[in-house]
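Below you'll find the structure, written out as structure tokens, and then a few comments.
The values are calculated or read from the model by the stated rules, or taken from the named source; none is laboratory data. Only a predicted model underlies this, so the values are computations on that prediction, with no experimental measurement involved. Methodologically, a virtual Cβ is constructed for each residue, glycine included, from the backbone with ideal geometry; neighbour enumeration extends over all protein chains shown.
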Amino acid sequence: MTNWEELKWRGLIKDVAGEGIEDKINNESITFYWGTDPTADSLHLGHYSSLVTAKRLMKMGHKPILLCGGATGRIGDPRPTAEREIISIDTLNHNIECIRKQIDKIFDGKAQLVNNYDWFKGYEYLDFLRDVGKYINVNYMLSKDIISRRLETGITYAEFSYMLIQGYDFLNMYEKMGCIMQVEGSDQWGNITTGIDLIRKIKGKEAYAFTMPLILDSTGKKFGKSEGNALWLDEEKTSSYEMYQYLINTDDSMVYHYLKVFTFLTPEEIDSIMEKHKKEPHLRIAQKALAKAIITDLHSEESYNRAVAISEALFNGQIKDLTAKEIEIAFKDVPNYTIPKEMNIVDLLVEAKICSSKREAREFLNNKSISVNGEKIDLDFVVSKENAIQKKYIVIRRGKKKYYLIQFD
């Protein structure tokens, strides 16, 4: 299987520009780029399909440039629905530094990192119009899907101009860094072709590009969105445990596709995993392989092992086996309550609003519907630092799924 055949097998090729791109990817070592704007202080799991494709190309012998848009981020890529909010310069610069560290870690320091503000900060507006604007027809810009969809609701000149700025990025890196190919998500096709047009018109040369299909889950939502929130690549924002829970619950209908897109497992390894998975789907063999590959690549094998340990402890009710740090990770989103000293369980259940009254609290306790740190307790139980995990946390479960975290001062 050639490099190009593997990319196609993994479902990573949607739009293609440039004759001979297959030969370039199969037989040469070329410089390519992928870019993102610093709209937050972390990339999220939705970005990871592009990052892992760029890393895959690097492993094939190609040279990646990862662009963080200090210039384009000041304007914002047009969204299908409405204008983006302007980000302050201080926030933008902070986000850039955070993202640069993430990219550097993912690529083991082997990718060239650039900021397009470096070549725009001294570029005079009139010079830009003469050098770039005169080569791109407005009718051409209006025909692009992302622009045409905004015409009815309105689009500002700033966002309308974004296409020219990104197009110049490609031209500049072609001239100064030998970058001949751009690799992005399919929503960037209009911006990509603008750069290719500029290179052809100004340099008289051919450039190359391909886009990747948008990765969706089984419900049609963007991959990496959990209840409306992004799953961040930053482990401090989204823990490995949270990432594990999302990936382990991947629908069976999607997991084969995700293993091809998001992992460096060989086709033979993936097919072997799927064969075992189909025999015993309840074991979630494929989902576990997916979670291990992604979390290990993003965070570390230690983080992956911790996520598995937390999951198994919660599944088996062995909450006492967890450390205070693991408790914080596992229960960071559950209702919590702080107490200064020991309390009888009935009083605590009412005060922490776990139960509505002492009568209800007694009913739950008598029915064995309340557990503390994974163990059933009775009416006389006293919550104290002595029975708290590392003398700090008490985890109360009411019924089968409702958790509450009690913390001592």
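Only one residue in 310, 345 is in the same structural domain as residue 393 (by TED's automatic domain parsing) and touching a residue at least 24 places away in the same chain (Cβ under 8 Å). Which one? First the steps, then the outcome.
Values: 310 fails: in the same structural domain as residue 393 (by TED's automatic domain parsing).
The conditions single out 345.
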The lone condition residue 35 fails out of (1) surrounded by fewer than 22 Cβ atoms within 10 Å (Cβ to Cβ); (2) under 26 Å from residue 101 (Cα atoms); (3) of a type outside the set (Phe, Trp, Tyr) is (1)
Restricted to segment 283-310 and to residues being of a type outside the set (D, E, K, R) and under 30 Å from residue 387 (Cα atoms), the residue surrounded by the most Cβ atoms within 10 Å (Cβ to Cβ) is 307
Quick test of your reading of the structure: residue 38 fulfils all but one of (1) within 23 Å of residue 191 (Cα to Cα); (2) under 15 Å from the mean Cα position of the chain (by Cα); (3) part of a helix (DSSP H, G or I). Name the failing condition by number.
(3)
Please go through segment 232-256 and pick out each residue that is surrounded by fewer than 20 Cβ atoms within 10 Å (Cβ to Cβ), within 16 Å of the chain's Cα centre (by Cα) and of a type in the set (A, V, I, L, M, F, W, C).
248
Quick check, is residue 190 over 23 Å from residue 310 (Cβ atoms) and in a loop (DSSP other than H, G, I, E, B)?
no
Name the residues in segment 364-404 that are crowded, with 16+ Cβ neighbours inside 10 Å, among the hydrophobic types (A, V, I, L, M, F, W, C) and farther than 18 Å from residue 318 by Cβ, would you?
364, 365, 381, 383
Kindly establish whether residue 324 is in the same structural domain as residue 296 (by TED's automatic domain parsing) and not basic (Lys, Arg).
no
Quick check on segment 70-90: of everything there that is in contact (Cβ under 8 Å) with a residue 12 or more places away in the chain and assigned to a helix (DSSP H, G or I), which residue is surrounded by the fewest Cβ atoms within 10 Å (Cβ to Cβ)?
89
Can you spot a residue in segment 18-26 that is modelled with pLDDT of 95 or more and surrounded by fewer than 15 Cβ atoms within 10 Å (Cβ to Cβ)?
yes
Do any residues in segment 17-41 that are farther than 30 Å from residue 237 by Cβ and in the same structural domain as residue 185 (by TED's automatic domain parsing) have Cβ atoms under 6 Å from those of residues that are assigned to a helix (DSSP H, G or I) and charged (D, E, K, R), where the two are at least six apart or on different chains, and which pairs are they?
30/24
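Out of all the residues in segment 311-320, is one or more surrounded by 13 or more Cβ atoms within 10 Å (Cβ to Cβ), of a type in the set (Gly, Ala, Ser), part of a helix (DSSP H, G or I) and modelled with pLDDT of 95 or more?
no
Matching residues to (1) modelled with pLDDT under 95; (2) within 24 Å of residue 108 (Cβ to Cβ); (3) touching a Pro at 6+ places or on another chain (Cβ under 7 Å):
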position: 266; (1), (2), (3): no, yes, no
position: 269; (1), (2), (3): no, yes, no
position: 277; (1), (2), (3): no, no, no
position: 280; (1), (2), (3): no, no, no
position: 286; (1), (2), (3): no, no, no
position: 289; (1), (2), (3): no, yes, no
position: 296; (1), (2), (3): no, yes, no
position: 306; (1), (2), (3): yes, yes, no
position: 309; (1), (2), (3): yes, no, no
When every residue in segment 189-229 that is closer than 17 Å to residue 52 by Cβ and in contact (Cβ under 8 Å) with a residue 40 or more places away in the chain is compared, the one nearest to the chain's Cα centre (by Cα) is 224
Quick one: count up the residues across segment 340-383 that are in a strand (DSSP E or B), charged (D, E, K, R) and in contact with a strand residue (DSSP E or B) (Cβ under 9 Å, 6 or more places away or on another chain).
1
